[in-house]
Structures are given as structure tokens and as C-alpha cells.
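The values are calculated or read from the model by the stated rules, or taken from the named source; none is laboratory data. Note that the coordinates shown come from a computational prediction; the quantities given were computed from them, not determined experimentally. Cβ placement follows ideal geometry from the backbone for every residue including glycine, while neighbour counts extend to all protein chains displayed.
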Amino acid sequence: MSWLHEVFGVSKPVIGMIHLPALPGSPLYDTARGMKGILEWARRDLHALQEGGVDGVMFCNENDRPYILRVDAATVAAMAVVVGALRSEIQVPFGIDILWDPVAAIAVAHATGAQFVREVFTGAYASDMGLWSPSAGEALRYRRAIGADAVRVFFNINAEFAAPLGSRSLAEIARSVVFSSLPDVLCVSGSLTGVPVRIEDLQAVKEAVGTIPVFINTGARHDNIADLLPWADGVIVGSSLKVDGITWNPVDPGRVRAFMDIVRRVRETGG
């Protein structure tokens, strides 16, 4: 896992989410506040996360509900504008997550200098968005075609808002994805945003894939991170760092500091 430490500078890095307000073209987009309002929101959350001590951040179009599986040009453009405008203020490694379009995420990451993307790259699912069958082969060939090989790929292997159509265990899926699809990180999730990961799922995936980093992808909270983190190589956290722990609220700097205090204690004890 040397590359992970080289990128983030610590063991078990914490990546804090910057959940953008709805972007142009999505049903919840605030036309009165416009792009200026989105940029102000992202800037405030970026500084709150960095000042709280996170090891990385990830920009996501979280409020572009209802979600779609292929985004349009307006989404790509808006994400690139926001990240590009904040680029000089980003002091930690950062990533891109565009729900639920791996090719779009890779394009924005390459254009903005992001170090990684997180997406659902593999599998077939019955989802809230309809039948869902992403292609890691197509996404990684696109990464090669645009010269974005330096962008690391975080694979969410049990998709949120969806159920797999197959019957394989999570451990079997993890082993297969590592063999067939070249992930840099495997992310293990609960059933949707904010739902905690099961320790037994983390254990099963970690035992199945050996040295491939495994991240907690959803539901990390102040009251469970000390129990979960010893079984993972890092964590992506969003909702629990927000005011009152609500996904759509701004980042709460005090909650960030308190969360990072717990993480540092886990690191110090070798967890």
C-alpha cells in the first residue's frame, strides 16, 4: 500500500466529502443562487474539512437527485468549474465522484488534477435508477485514451441504492474484481448514503483481497469509527461531519475535529 501512504502521507487516511448543491440541469438546482452559490458552498465546506484535519477531500454531485447513470455536459462543466475555481485553495489530495458516471468522473479528475475517482465500475444491479450495468473495461480504456493513468480508481463494490442481480458473496465479488478489473481501492458500503458498513463485510473483503486497500465507504460516525477502522485501510466520510449529522447540511468544523481526534487515537494504537 505504499502508493496510498505516498499520496495521503498517513496510514488509514480520512477522505471528507464535499457534497455540492444541485448542479445546473438537475431538478433541485437553485437558479436564484446559481453557480456562485454552489461555489460558495463548496469553498466553505472545503475549508472546514481542511481546518478540521482530514487527509483528503472528494467533490461529489450528491444533490443531483433523482440520480442518473450517464450525466450530461452541464454536469461535467459545472463540476470542472467548481473544482477548477477552488484548485489553488485545496491543500490535500482530492478526488472526484460523479453519480453515477465513471467516464465523466475520470474526465473531470484528469482536467482538474485530481488524484482519484470513486465510482461503481463493476457488477449488475436492480437500482433506483433502473437496471445498472457499468463497465470497468470501458471506463479504464477511456482513462488510458485521455492520458489519465495517474488517476487512481476507487471501486464501490456493493452499490448504494441498489441490489446485485447475482448471488455471489461480497468476498467472491471482491476477489473477482481485483483479478478482472484492476482497482486501486475497494470501497465497502451500506445500503445507501449514511448507512454504516457491517464489520463482517469489511473483514470478509479484506481477507479476500490481501494487500489491495479496503475503505469504509458509508456510515462512518463518531460512535463507530473506532470499531470499524481497525478492519479497513481508510475511510470516506460525509454525513456525520455535517451540522446535526444531516447529509444536506454544511460541514461542521467541530464534528470534523472530533472525528479526526478519534481516528488519530486508532492510528496511535495500531488499529
Q: Tell me which residues, restricted to region 49-77, are more than 18 Å from the chain's Cα centre (by Cα), aliphatic (A, V, I, L, M) and surrounded by 15 or more Cβ atoms within 10 Å (Cβ to Cβ).
A: A77
Q. List the pairs whose first member sits in region 4-21 and is over 15 Å from F154 (Cα atoms) and at pLDDT 95 or above, whose second member is crowded, with 19+ Cβ neighbours inside 10 Å and among the polar types (S, T, N, Q), and whose Cβ atoms are under 7 Å apart, counting only residues at least 6 apart or on separate chains?
A. H19/N63; L20/N61; L20/N63; P21/N63
Q: Among residues belonging to region 237-271 that are touching a Lys or Arg at 6+ places or on another chain (Cβ under 9 Å) and not in a helix (DSSP H, G or I), point out the one that is nearest to N63 (Cα to Cα).
A: W248
Q.
Suppose the filter is β-branched (V, I, T) and surrounded by fewer than 20 Cβ atoms within 10 Å (Cβ to Cβ); does I96 pass it?
A. no
Q: Quick one: count up the residues across region 128-150 that are farther than 21 Å from G166 by Cα, of a type outside the set (D, E, K, R) and touching a helix residue (DSSP H, G or I) at 6+ places or on another chain (Cβ under 9 Å).
A: 7
(Q) When the residues of region 116-133 are narrowed to those that are in contact (Cβ under 8 Å) with a residue 60 or more places away in the chain and not aromatic (F, W, Y), which ends up farthest from C187 (Cα to Cα)? (A) G130
Q | Subset of region 78-104 (residues that are more than 19 Å from L28 (Cβ to Cβ) and over 17 Å from the mean Cα position of the chain (by Cα)) | A | G84, A85, L86, R87, S88, E89, Q91
Q) Which members of region 179-201 meet the condition of being surrounded by fewer than 19 Cβ atoms within 10 Å (Cβ to Cβ) and part of a helix (DSSP H, G or I)? A) F179, S180, S181, I199, E200
Q. Can you tell me which residues in region 202-213 are within 19 Å of the chain's Cα centre (by Cα) and either in a helix (DSSP H, G or I) or among the aromatic types (F, W, Y) (or both)?
A. L202, V205, K206
Q) Of all residues in region 245-271, which are β-branched (V, I, T) and at pLDDT 95 or above? A) I246, T247, V251, V256, I262, V263, V266
Q: Within region 152-173, identify whether any single residue is assigned to a loop (DSSP other than H, G, I, E, B), of a type in the set (D, E) and in contact (Cβ under 8 Å) with a residue 60 or more places away in the chain, and answer yes or no.
A: no
Q: For residues that are touching a residue at least 40 places away in the same chain (Cβ under 8 Å), assigned to a loop (DSSP other than H, G, I, E, B) and under 18 Å from the mean Cα position of the chain (by Cα), scanning just region 219-236, find the one that is surrounded by the fewest Cβ atoms within 10 Å (Cβ to Cβ).
A: D233
Q. Could you list, in sequence order, the residues of region 3-14 that are closer than 19 Å to R265 by Cβ and buried (at least 17 other Cβ atoms within 10 Å of the Cβ)?
A. F8, K12, P13, V14
Q) Going by the conditions given, is A174 closer than 20 Å to G95 by Cβ and at pLDDT 95 or above? A) no
